[in-house]
Amino acid sequence: MKKKTALTHNQTVVIEALGASERPLTAYEILDLKDVRAKGLKAPLTIYRALEKLVDRGLVHRIESLNAYIACAHRHPHRSVSGFMICNDCKKTVEYPLQECESHLLQAPQAAGFKIGSVRVEMVGQCAACTEKENAD
């Protein structure tokens, strides 16, 4: 069994920035945050390295359609199926569990001998707050 190591300073700063955001952030958006710069992170490569390690540990997810990152909201195995609801308007992103769908989503690729690294389902639409705001206008 692999021993989990503590997060580095840079990883801690990055995951705290992501945890404070309701929407996914790009590496450059993370870098532009005052708190991040004040804590000594000043180069994009530093952010990308921290993000890579956090993704590897299953603490952060990469939202492919936005090319951005979000802190993991659930405790689940890193290689499990992850689902995300993404608002087109405000970009608020919510992670949701897909345990009921997991076996169905993995069955066909496994039967074909395809080795799956990870599965992410991204649903894009409009969140309740943006829908309400639109209806009020």
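Tabulated data for the structure shown
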| read-out | value |
| --- | --- |
| Residue that is farthest from LYS133 (Cα to Cα), among those in the stretch 87-119 that are of a type in the set (Lys, Arg) and out of contact with any Cys (no Cβ under 8 Å at 6 or more places or on another chain) | LYS115 |
| Set ALA50, ALA68: member being in contact with a Ser or Thr (Cβ under 9 Å, 6 or more places away or on another chain), farther than 24 Å from GLN126 by Cα and open to solvent by less than 40 Å² (accessible area, probe 1.4 Å) | ALA50 |
| Filtered residues of the stretch 1-46 (kept if part of a loop (DSSP other than H, G, I, E, B), open to solvent by 100 Å² or more (accessible area, probe 1.4 Å) and either touching a residue at least 60 places away in the same chain (Cβ under 8 Å) or in contact with a helix residue (DSSP H, G or I) (Cβ under 7 Å, 6 or more places away or on another chain) (or both)) | GLU22 |
| Among (1) of a type in the set (Phe, Trp, Tyr); (2) farther than 26 Å from LYS133 by Cα; (3) buried (at least 16 other Cβ atoms within 10 Å of the Cβ), the one test that PHE84 misses | (2) |
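The values are calculated or read from the model by the stated rules, or taken from the named source; none is laboratory data. Predicted, not measured: the structure shown is a model, and the values here were computed from it. We place every Cβ from the backbone using ideal geometry, glycine too, and count neighbours over all the protein chains shown. Ligands, DNA and RNA are stripped out before the accessible areas are found, and what is left, the full protein with its side chains, is counted by its heavy atoms. Shrake-Rupley method; radii C 1.70, N 1.55, O 1.52, S 1.80 Å.
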